[in-house]
Amino acid sequence: MIRLPLFPLPVVLFPGAPMPLHIFESRYRRMVASCVEGDRRFGLIYHDPDRHGPFRTEPGQVGTIAEIEKFQPLPDGRSLIACRGRERFRIDDGVESGAPYFEAVVEPYEDLGEEEPRRLREWRRRSVALFHRVLDEAIGQEPPLPQVSIEQDPSFVLARAIKIDPAWQQQLLEARSERERLKLIDDLLSNVLDAHARGEWHPQPDED
């Protein structure tokens, strides 16, 4: 177990995913300054105050360790940081300290058990093919379509390409097996294709 500063945000960070952040609130300026002086890591945990109310460090909450790769201080004390998601964690207990930001003792949150490799490759191949079908048929994306390797778990790569409610993303983050994550993705993509075939779904325009 390790002690980790926490940054609750209404977004989900997946392992391996990049995330730029604008740090302006005083307590998180101090958190980032402490991280930059230390191991450059903090815990990003999904929390939407409009849905969930005030944040509390409750045991069992799952998040992702964010590692600061770039730090750009601004003249007025704000900063711009570029992070990347690393391993998942689960809160074991909150920590009361003199720091103005949240801290917790956390433990690794890993998959349970192992899948048979040949079956895994088939599941991966099917999920990636379904993802490409959605891009081609429903989104209308011009080729070449993005390459997604099936030599390793593609579930977080696929999930971060899907623009959807963070609550669904959090459900996927908490899944304890690659098969469970791929099934969540397959079900969602299949629903998109079915809705598109009925004329009930259209891609949303990108926001500037």
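The values are calculated or read from the model by the stated rules, or taken from the named source; none is laboratory data. As the structure is a prediction and not an experimental result, all values here were calculated from the model. Methodologically, a virtual Cβ is constructed for each residue, glycine included, from the backbone with ideal geometry; neighbour enumeration extends over all protein chains shown. Note: areas computed on protein heavy atoms with side chains; ligands, DNA, RNA excluded. Shrake-Rupley method; radii C 1.70, N 1.55, O 1.52, S 1.80 Å.
Points worth noting:
- Sulfur and carbon atoms: percent of accessible area, the chain [1.4 Å]: 49
- Surface analysis of the chain yields an accessible area of 58 Å² per residue, using protein heavy atoms and a 1.4 Å probe.
- Estimated vicinal HN-Hα couplings, Hz - the stretch 95-103 in sequence order (Karplus 6.51, -1.76, 1.60; Gly, Pro = x): 10, 9, 9, x, 6, x, 10, 6, 9
- Taken about its Cα centre, the chain carries a charge dipole of about 280 debye when Lys and Arg each add +1 at the Cβ and Asp and Glu each add -1 at the Cβ.
- For His196, the accessible surface of its heavy atoms amounts to roughly 60 Å² (probe 1.4 Å, protein chains only, rounded to the nearest 10).
- Residue-wise HN-Hα coupling along the stretch 82-94, computed from phi with Karplus coefficients 6.51, -1.76, 1.60 (Hz; x: Gly, Pro): 10, 10, 9, x, 10, 7, 7, 9, 10, 5, 8, 6, x
- Loop-resident GluC sites (Glu not before Pro) (DSSP state other than H, G, I, E or B) in the stretch 69-114 with no more than 12 further Cβ atoms inside 10 Å of their Cβ: Glu96, Glu110, Glu114.
- Largest accessible area first, the residues Lys163, Lys183, Lys70 order themselves as Lys163, Lys70, Lys183 under a 1.4 Å probe with ligands, DNA and RNA left out.
- When the Cα positions of Phe24, Ser177, Phe131 are compared along the charge dipole of the chain, Phe24 comes out farthest toward the positive end, with charges on each C-beta of Lys, Arg, Asp and Glu.
- In sequence order, calculated HN-Hα J values of the stretch 66-73 (Karplus, 6.51, -1.76, 1.60; Hz; x Gly/Pro): 9, 10, 6, 9, 9, 9, 10, x
- Sites Arg125 and Ser26, calculated FRET efficiency, Cβ-Cβ separation with R0 45 Å, nearest 0.05: 0.40
- Surface accessible to a 1.4 Å probe, Arg125 within the full protein complex, Å²: 110
- Annotation: amide H-H contacts under 5 Å for Glu103 (H modelled 1.01 Å from N, sequence separation of 5 or more, or interchain): Leu6, Val95.
- Two-site FRET efficiency, Arg78 against Ile150, from Cβ-Cβ distance with R₀ of 45 Å, rounded to 0.05: 0.60
- Residue order for Ile164, Ile91 - accessible surface, 1.4 angstrom probe, largest first: Ile164, Ile91
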